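Remarks on the structure that follows.
The values are calculated or read from the model by the stated rules, or taken from the named source; none is laboratory data. Since we're looking at a predicted model, the values are computed, not measured. Heads up, the Cβs are rebuilt from the backbone with ideal geometry, glycines too, and the neighbour counts pull from every protein chain shown.
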């Protein structure tokens, strides 16, 4: 054992060719994922010193003992750290740079085995090594701009030197999570293999580097030197990108453009100077109200998702659903359900309405085909998950119904009482109402415990949140099933207990939350991908 900590262990092991190497494994005790808290970063510094003190090592392999590699920095620490001011943040980042640089400067070849998510600081860790091998199921990326900041631990310095300025700008400004095939295509990783082959492939790279087949020193020289761009290439890479990204992100989200500026300013500098530019820019953004609010939104979102996950564990599976009322909203709900694999009946009383709902669903699927999210064959298969109907004939097998008819209490009351008589005693009924009290709509139902609100924001396919509204008589089982269905649709459910008369106020409040969340996470992430 070379080093043993709470999150990191370093051991000696042999490669197939008999080279004695150090294997550094991230495996944070008591947590389901690895994340880079202040304590873990301090451990990494100690582990690197322990490696430096060892003799006769021929390589370093960085790996993970969990299903993910490292999901990023510990965001729960951000507000506290940001409150310490610009000077503290600059100094903190420079200390992390010293640790990461020590990995990069080790006197033998280094490789990272990326078995799962490697985001933010986790991605910056793997950029320090000479080589990278990635599981086919893994993803890597630098999503910091979605939090109003930029990569502050070398991402803006190393990534452009590894994959080129254009590709790095797209990854960093867009905050994208990138699959193995995309990472391999641009040269972010050296191989994409199955999970079973990952460690062997990484060890093989170390052997080949020690044998002289792979020049790890040349790679380091490229990573620590200025970018090889002439003035015309710099103008094409940076000025054009800044204008384009500024137009997409808008004036209220400065981080994507600031990240490009950092890459540009550091392009002509060696490693240390470029990292100092990055550290200062990070600190400036971290102190902004934009970063404070986006970090707060992210943390709240995580709390909501955790609670939703707990509810979901209590729910019976929702295998078949139905939406009452076609048209644009009904078609959007049907599309969202079908695209995520839950079959849905779409009922209306008019053929024209059903056709409108199907047209909306087809349009949304077609857009996904255009964006290469689905193939034409996949679109056709998923469309079969939507079954239009004018009758209640097959409603006996439905697990959950979403009522999405006109926003009129009398009409909704009539539809809900009618459908209640057509479904099983265990079927959950929900209403997509945005203004009408759930308690009022439950008054004429025989099983009000099986009824709650399920309010989708428009457009359904774009807005990430769904309100789940508990009435006075709504059961835990009804809420759990509705939350589970929302999550199966790829949505983040929020749930409320609404007293009579307070529905509209609460609804307006949550609309504000939804819009804030959508604009902060979707607009920024689409800065370069639309």
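Given the criterion within 16 Å of residue 166 (Cβ to Cβ) and assigned by TED's automatic domain parsing to the domain that holds residue 156, identify the matching residue among 240, 194.
Numbers: 194 fails: within 16 Å of residue 166 (Cβ to Cβ).
Matching residue, one of 240, 194: 240.
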Inset, instruction - Could you tell me whether any residue of the range 262-279 is over 24 Å from the mean Cα position of the chain (by Cα) and over 30 Å from residue 110 (Cβ atoms)? - result: no
Legend entry - Condition met for residue 148 (on the phi > 0 side of the Ramachandran plot, in contact (Cβ under 8 Å) with a residue 24 or more places away in the chain and out of contact with any strand residue (DSSP E or B) (no Cβ under 9 Å at 6 or more places or on another chain)): yes
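Return yes or no: is residue 73 modelled with pLDDT of 95 or more, loosely packed, with under 14 Cβ neighbours inside 10 Å and closer than 29 Å to residue 148 by Cα? Working first, answer last.
Values: modelled with pLDDT of 95 or more: yes; loosely packed, with under 14 Cβ neighbours inside 10 Å: no; closer than 29 Å to residue 148 by Cα: yes.
The answer is no for residue 73.
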Legend entry - Selection status of residue 481, in a helix (DSSP H, G or I), closer than 16 Å to residue 336 by Cα and touching a strand residue (DSSP E or B) at 6+ places or on another chain (Cβ under 8 Å): no
Legend entry - Residue satisfying condition, being within 37 Å of the chain's Cα centre (by Cα), surrounded by 20 or more Cβ atoms within 10 Å (Cβ to Cβ), assigned by TED's automatic domain parsing to the domain that holds residue 329 and assigned to a strand (DSSP E or B), within set 405, 460, 466: 466
Inset, instruction - Kindly indicate whether any position in the range 251-261 is under 29 Å from residue 105 (Cα atoms), at pLDDT 95 or above and assigned to a loop (DSSP other than H, G, I, E, B). - result: no
Legend entry - Residues of the range 10-41 satisfying the condition of being out of contact with any helix residue (DSSP H, G or I) (no Cβ under 9 Å at 6 or more places or on another chain) and assigned to a helix (DSSP H, G or I): 39, 40
Inset, instruction - Considering only the range 225-242, state which residues are exposed (fewer than 11 other Cβ atoms within 10 Å of the Cβ) and in a helix (DSSP H, G or I). - result: 231, 232
Inset, instruction - Within the range 170-224, work out how many residues are in a loop (DSSP other than H, G, I, E, B) and either surrounded by 17 or more Cβ atoms within 10 Å (Cβ to Cβ) or touching a residue at least 24 places away in the same chain (Cβ under 8 Å) (or both). - result: 9
Legend entry - Number of positions in the range 334-385 that are in contact with a helix residue (DSSP H, G or I) (Cβ under 6 Å, 6 or more places away or on another chain), part of a loop (DSSP other than H, G, I, E, B) and more than 19 Å from residue 456 (Cα to Cα): 2
Inset, instruction - Within the range 124-138, identify whether any single residue is touching a residue at least 24 places away in the same chain (Cβ under 8 Å), surrounded by fewer than 24 Cβ atoms within 10 Å (Cβ to Cβ) and more than 19 Å from residue 26 (Cα to Cα), and answer yes or no. - result: yes
Inset, instruction - Considering only the range 48-96, state which residues are part of a loop (DSSP other than H, G, I, E, B), closer than 30 Å to residue 300 by Cβ and in contact with a helix residue (DSSP H, G or I) (Cβ under 7 Å, 6 or more places away or on another chain). - result: 69, 71, 72
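Would you mind finding the one in 336, 320 that is at pLDDT 90 or above, closer than 30 Å to residue 148 by Cα and in the same structural domain as residue 480 (by TED's automatic domain parsing)? If you could, list the steps in order and put the result at the bottom.
Numbers: 320 fails: closer than 30 Å to residue 148 by Cα.
Step by step, each of 336, 320 is checked, and only 336 is at pLDDT 90 or above, closer than 30 Å to residue 148 by Cα and in the same structural domain as residue 480 (by TED's automatic domain parsing).
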